[in-house]
Amino acid sequence: MYDLAILGGGPAGYVAAENAGAKGLKVVLFEKRELGGVCLNEGCIPTKTLLYSAKMYDHATGGKKYGITADNVAYDYKKIADRKTKVVRKLVAGIKMKMEHNNVEVVRGEASIVSGNAQSVAIECNGQAYEAARLLVCTGSEAFVPPIPGVEDNDAVLTNREILALTEAPASIVVIGGGVIGMEFASLYNSLGVPVTVIEMLPEILGGLDKEVSEMLRGIYAKKGVKFHLRCKVTRIDGNTVHFVDAEGNEQSVDGDKILMSVGRRPVLKGFGLENIAVEVERGIKVNEFMQTTLPNVYAAGDVTGFSLLAHTASREAEVAVNHILGIDDKMEYNAIPGIVYTNPEVSGVGLTEEQAQEQGIEYRISKLPMTYAGRFVAENEGVMGLCKIIVSADNKVLGAHILGNTSSEFICAVCMAITNGLTVEQLRRTVFPHPTACEIIKEGLFEL
């Protein structure tokens with residue numbers, strides 16, 4: 001019998017397997033596709049690899065602002081796509097090595113839960129039976145494709161999986177959904193000179209993020225040529241034509257060589273025998289603060305819980321689950337989960353937004369500074385302002401920060417740590433920030449409070 005069986009080898013599954021194996025547990029990990037899950041194979045990593053190439057192209061074509069002139073700048077999308085594949089393969093190989101190093105048995109195949117109780121869980125895969133004292137479900141999420149007429153059997157309509165498989169840039173693209181995935185692909189193709197149209201049902205792109213920052217990013221991309229249709233509902237798709245109704249009820253349409261469907265993701269709850277064990281399901285698998293389901297020896301982590309569909313959340317949830325199994329005092333908290341949009345410029349945020357603080361009736365103060373208060377940002381971002389917004393409570397504790405500006409994804413963790421540890425403005429002010437760096441904007445902002 002195994003100490004722990006894990007369904008799914010994504011950021012939750014492989015992190016849990018690595019940690020549990022390193023602590024001496026006998027672990028079996030089931031994965032039907034590739035280790036790394038959606039994040040590594042069809043999401044985070046390949047997308048960011050493509051976006052980095054697009055950013056390099058932006059630098060090359062915009063070099064005149066920095067005194068650099070280059071002639072005949074061009075890109076080869078096939079080579080960009082090939083590099084993306086190479087990066088993914090390298091990282092998948094790295095995860096395989098981690099599993100081997102920590103004595104994790106990896107079974108490639110479509111596993112299914114046969115039965116389970118508080119003592120053990122039975123699993124079948126490739127015609128072979130497995131039994132484990134505990135089970136961790138990490139089956140992830142899938143792209144949600146709404147039942148819009150004209151979507152089915154339409155080669156022009158792509159999800160994140162299909163669009164990442166392209167070996168040439170589309171002639172034009174319509175992005176349905178202005179969330180994180182939609183805006184990152186809008187950024188990618190806009191940088192490469194592809195006409196981009198974004199259709200969003202909500203009043204603003206990037207719903208859930210800081211509204212002021214989202215509005216500023218939209219303004220930047222509108223100036224770059226991206227066309228936005230907000231408060232609009234797609235009604236049907238005819239071949240390459242997307243029909244939608246605007247806020248006034250007027251019918252409109254737009255054509256695109258490709259149509260990206262990016263309206264959200266949903267937990268994978270079917271196809272692996274979840275119904276054969278007594279766990280409660282709401283929008284995802286219901287868990288407590290230790291990632292336990294309603295069956296105490298069954299845990300769930302990652303997108304399958306339906307709470308925070310982010311790779312780094314999944315990894316932390318997996319750590320909490322394994323720690324609970326090992327008897328280590330730990331619990332999951334969600335007040336300092338960072339969110340990043342890898343556009344150019346980047347958007348980074350953590351903690352409460354101003355809108356959330358208002359909705360919750362929390363007394364707060366705000367510091368807002370343009371990123372140009374940081375010397376290195378000015379040196380590296382000609383003609384760009386950016387924004388750093390810091391939110392603090394009445395008792396001077398850091399509640400959140402929301403930043404528009406490149407490299408913010410690399411230093412938002414400073415605010416994550418401040419929120420996690422309940423630091424006050426004065427305590428964070430005493431931290432010595434390196435100079436010159438873009439992260440100094442946080443300290444500059446704190447002195448405004």
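The values are calculated or read from the model by the stated rules, or taken from the named source; none is laboratory data. Quick caveat: nothing in here was measured; it's all calculated off a predicted structure. Quick reminder, even Gly has a Cβ in these numbers, built from the backbone with ideal geometry, and neighbours come from all protein chains shown.
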Return yes or no: is V198 closer than 28 Å to T49 by Cα, at pLDDT 95 or above and touching a Phe, Trp or Tyr at 6+ places or on another chain (Cβ under 6 Å)? yes
All positions within region 249-289 that are in contact with a strand residue (DSSP E or B) (Cβ under 6 Å, 6 or more places away or on another chain) and at positive phi: G273
Single residue of region 216-240 satisfying the filter (closer than 20 Å to G193 by Cβ and of a type in the set (A, V, I, L, M)) that is surrounded by the most Cβ atoms within 10 Å (Cβ to Cβ): L217
When the residues of region 389-419 are narrowed to those that are assigned to a strand (DSSP E or B) and touching a Phe, Trp or Tyr at 6+ places or on another chain (Cβ under 8 Å), which ends up surrounded by the fewest Cβ atoms within 10 Å (Cβ to Cβ)? S393
I need the full set of residues from region 383-399 which are of a type in the set (G, A, S) and under 16 Å from E440 (Cα atoms), in order please. G386
Which one is farthest from K389 (Cα to Cα) among residues in region 434-443 that are out of contact with any Ser or Thr (no Cβ under 7 Å at 6 or more places or on another chain) and either buried (at least 17 other Cβ atoms within 10 Å of the Cβ) or among the polar types (S, T, N, Q) (or both)? T437
Members of region 336-364 that are of a type in the set (V, I, T) and buried (at least 21 other Cβ atoms within 10 Å of the Cβ): I340, V341, T343, V347, V350, T353
Within region 214-224, work out how many residues are out of contact with any strand residue (DSSP E or B) (no Cβ under 7 Å at 6 or more places or on another chain) and either closer than 27 Å to E168 by Cα or assigned to a loop (DSSP other than H, G, I, E, B) (or both). 4
Within region 199-213, can you find the residues that are crowded, with 24+ Cβ neighbours inside 10 Å, within 19 Å of the chain's Cα centre (by Cα) and outside any loop (DSSP other than H, G, I, E, B)? V213
Could you grab me the full set of residues in region 245-266 that are among the hydroxyl-bearing types (S, T, Y) and out of contact with any helix residue (DSSP H, G or I) (no Cβ under 8 Å at 6 or more places or on another chain)? S253
Those residues that are at pLDDT below 95 and buried (at least 19 other Cβ atoms within 10 Å of the Cβ), I need them from region 39-70; list them, please. C39, L40, N41, E42, G43, C44
Return the residue satisfying two criteria in turn: it lies in region 36-85 and is in contact (Cβ under 8 Å) with a residue 60 or more places away in the chain and outside any helix (DSSP H, G or I), and of such residues it is nearest to G193 (Cα to Cα). Y75
Which members of region 157-179 meet the condition of being surrounded by fewer than 18 Cβ atoms within 10 Å (Cβ to Cβ) and either in the same structural domain as N41 (by TED's automatic domain parsing) or not hydroxyl-bearing (S, T, Y) (or both)? R161, E162, A165, L166, E168, A171
Return only the number of the condition from (1) touching a residue at least 12 places away in the same chain (Cβ under 8 Å); (2) out of contact with any helix residue (DSSP H, G or I) (no Cβ under 8 Å at 6 or more places or on another chain); (3) closer than 30 Å to E124 by Cβ that A171 does not satisfy. (3)
Going through region 43-73 one residue at a time, which ones are in contact with a helix residue (DSSP H, G or I) (Cβ under 9 Å, 6 or more places away or on another chain) and among the aliphatic types (A, V, I, L, M)? I45, L50, L51, A54, I68, A70, V73
Quick check on region 41-48. Is at least one of its residues over 30 Å from N126 (Cβ atoms), assigned by TED's automatic domain parsing to the domain that holds A111 and within 28 Å of the chain's Cα centre (by Cα)? yes
Look through region 86-109, keep the residues that are in contact (Cβ under 8 Å) with a residue 60 or more places away in the chain and under 25 Å from the mean Cα position of the chain (by Cα), and return whichever of them is surrounded by the most Cβ atoms within 10 Å (Cβ to Cβ). I95
